[in-house]
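Accompanying notes for the structure given below.
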Amino acid sequence: MKVLKLIAIAIVVLAAVVGLLFLSGGSGSTTITGDKGRLMEKMKGELLTEWNASQEWDTDLFDNSLDRLKQNRRELGDGYQTLVDLTGELACHRLDSVMMAEWAKSDCDHTQIEVYGNALDHLLAKISHFNSNADVNKMKATMDLYRKARSLSSRNLSLAPRFNAETDQWTSFASHSSAIKRQCSDIKQSPYWANISNITEITSGLAQIDSRLQAAKGAYKTRLAREIIAAYEPLEPHETDRLAQVHSRFLRELGGDNDLNKFVQNY
């Protein structure tokens with residue numbers, strides 16, 4: 001009986017110990033979960049407050065936000081990536097806002113746009129999976145269009161004929177002109193054109209494409225005529241038939257040139 005009594009007491013004690021361990025483990029788990037949740041809410045609130053208070057793009061704020069999250073990565077657990085993505089969303093929204101506002105200005109500041117472009121590159125270097133973010137895609141597409149439009153609007157449209165006296169061939173101005181006009185048309189038909197269509201530098205430059213091409217064509221025609229004359233003038237004996245063919249093509253493509261016309265007549 002004494003043995004049975006001792007066994008019974010031992011069972012009761014063991015059950016009590018197991019119960020205490022279970023309660024202790026459960027209580028500890030709840031505390032950890034609660035701490036993570038409170039830390040996550042605290043940091044989320046700080047992020048929202050800081051980004052809402054800033055009306056401009058702030059690279060230091062972006063970097064400091066990510067650094068602070070990294071310092072608490074272990075304590076945050078799975079919540080770390082959630083807050084990184086929140087930082088990315090806040091940063092993308094702010095950068096998109098300031099970029100679009102600058103592009104909407106008639107006197108858009110190119111230097112400032114390039115600063116924002118560098119900021120976008122910096123953001124993606126830090127949070128690479130945001131390459132598929134909708135705001136990021138819009139900013140990248142608009143930036144690409146902006147750079148193409150700005151380049152074309154200020155581009156020198158002249159073309160060197162490069163007449164080849166051996167083959168009687170020259171660079172086609174018609175092809176050159178068509179390519180330029182196609183680029184201009186593609187820019188204006190882009191779904192992102194509305195984002196940059198108020199910029200005077202760009203709209204004015206693109207509007208002058210046709211007149212600038214006409215001026216470039218005149219300079220090209222004069223230069224080609226001089227190159228043909230320079231190539232055929234020293235030939236002995238004169239190759240009248242070849243020159244006539246070259247002249248005929250010149251007339252079809254570009255119209256007449258007084259100096260070349262006289263040269264051909266007197267050849």
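The values are calculated or read from the model by the stated rules, or taken from the named source; none is laboratory data. Note that the structure is predicted; figures quoted are calculated from it, not measured. Glycine gets a Cβ as well: all are built from the backbone with ideal geometry, and neighbour counts include every protein chain shown. These area figures cover heavy atoms from the full protein model, side chains too; ligands, DNA and RNA do not enter into them. Shrake-Rupley method; radii C 1.70, N 1.55, O 1.52, S 1.80 Å.
Enumerate the pairs (first residue in the stretch 183-194 and touching a residue at least 24 places away in the same chain (Cβ under 8 Å); second residue anywhere and open to solvent by 70 Å² or more (accessible area, probe 1.4 Å) and assigned to a helix (DSSP H, G or I)) with beta-carbon separation below 8 Å, excluding pairs fewer than 6 apart on the same chain, so at least 6 apart or on different chains.
GLN183/LYS148; ILE187/LYS148
Sort through ALA160, ALA141, ALA165 and tell me the only one that's hydrophobic (A, V, I, L, M, F, W, C), modelled with pLDDT under 95 and more than 20 Å from ASP210 (Cβ to Cβ).
Going through ALA160, ALA141, ALA165 in turn, the sole match is ALA165.
Scan (1) under 28 Å from the mean Cα position of the chain (by Cα); (2) assigned to a helix (DSSP H, G or I) for the single condition ASN198 breaks and write down its number.
(2)
Conditions (1) buried (at least 19 other Cβ atoms within 10 Å of the Cβ); (2) aliphatic (A, V, I, L, M); (3) in contact with a Lys or Arg (Cβ under 6 Å, 6 or more places away or on another chain), marked per residue:
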{"residue": "CYS108", "(1), (2), (3)": "yes, no, no"}
{"residue": "ILE113", "(1), (2), (3)": "yes, yes, no"}
{"residue": "HIS122", "(1), (2), (3)": "no, no, no"}
{"residue": "HIS129", "(1), (2), (3)": "no, no, no"}
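Any residue at all in the stretch 158-174 that's without any contact (Cβ under 8 Å) to a residue 12 or more places away in the chain, exposed (fewer than 13 other Cβ atoms within 10 Å of the Cβ) and either more than 30 Å from GLU239 (Cα to Cα) or small (Gly, Ala, Ser) (or both)?
no
Taking the criterion of being among the acidic types (Asp, Glu) and either assigned to a helix (DSSP H, G or I) or at pLDDT below 95 (or both), would at least one residue in the stretch 103-111 satisfy it?
For the stretch 103-111, residues among the acidic types (Asp, Glu) and either assigned to a helix (DSSP H, G or I) or at pLDDT below 95 (or both): absent.
Can you spot a residue in the stretch 153-173 that is under 30 Å from TRP57 (Cα atoms) and assigned to a helix (DSSP H, G or I)?
So far as the stretch 153-173 goes, yes, one or more of its residues are under 30 Å from TRP57 (Cα atoms) and assigned to a helix (DSSP H, G or I).
Kindly evaluate ARG212 against the criterion of being surrounded by fewer than 19 Cβ atoms within 10 Å (Cβ to Cβ) and out of contact with any helix residue (DSSP H, G or I) (no Cβ under 8 Å at 6 or more places or on another chain).
Spelling it out, ARG212 is indeed surrounded by fewer than 19 Cβ atoms within 10 Å (Cβ to Cβ) and out of contact with any helix residue (DSSP H, G or I) (no Cβ under 8 Å at 6 or more places or on another chain).
Of the residues in the stretch 221-260, how many are open to solvent by 40 Å² or more (accessible area, probe 1.4 Å), over 14 Å from PRO161 (Cβ atoms) and either among the hydrophobic types (A, V, I, L, M, F, W, C) or part of a helix (DSSP H, G or I) (or both)?
Residues in the stretch 221-260 being open to solvent by 40 Å² or more (accessible area, probe 1.4 Å), over 14 Å from PRO161 (Cβ atoms) and either among the hydrophobic types (A, V, I, L, M, F, W, C) or part of a helix (DSSP H, G or I) (or both): 11 in total.
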